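Report on the structure given below.
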Amino acid sequence: MAEEAVHITVRPNGPLRVEGHIILKDADGQEWDLTGKPAVSLCRCGLSEKRPFCDGAHSRQNWQCMATPGNLTGK
């Protein structure tokens, strides 16, 4: 049985929105219990008090980062 692809959306000035079958582990291999969560938002700014999850701190601190595929390819 093939698993569905995981989709990751880079939100402008915000988190990484991850949707699909997600297995999230810490550096020691311990898994977060994501039962019942078809999607999560992961902190990209480093300001969240709930890291690795987003708590909206980016908007309260006016954090900005416009990531696009062009940033990676230089286009």
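The values are calculated or read from the model by the stated rules, or taken from the named source; none is laboratory data. Values in this document were obtained by computation on a predicted structure and should not be read as measured data. Using ideal geometry, Cβ is built from the backbone for each residue, glycine included, and neighbour counts are taken over all protein chains shown. What goes into the accessible areas is simple: the full protein's heavy atoms, side chains included, and nothing from ligands, DNA or RNA. Shrake-Rupley method; radii C 1.70, N 1.55, O 1.52, S 1.80 Å.
Here is the figure for the stretch 19-66: residues that are assigned to a loop (DSSP other than H, G, I, E, B) and either open to solvent by less than 100 Å² (accessible area, probe 1.4 Å) or closer than 19 Å to Ile8 by Cβ (or both) total 27.
Per this entry, Val6 is not counted among residues that are β-branched (Val, Ile, Thr), open to solvent by less than 40 Å² (accessible area, probe 1.4 Å) and under 12 Å from the mean Cα position of the chain (by Cα).
Within the stretch 24-42, does at least one residue satisfy the condition of being basic (Lys, Arg) and either in contact with a helix residue (DSSP H, G or I) (Cβ under 6 Å, 6 or more places away or on another chain) or modelled with pLDDT under 95 (or both)?
Yes: one or more hits.
Only residues that are modelled with pLDDT of 85 or more and in a loop (DSSP other than H, G, I, E, B) were counted in the stretch 1-16, giving 7.
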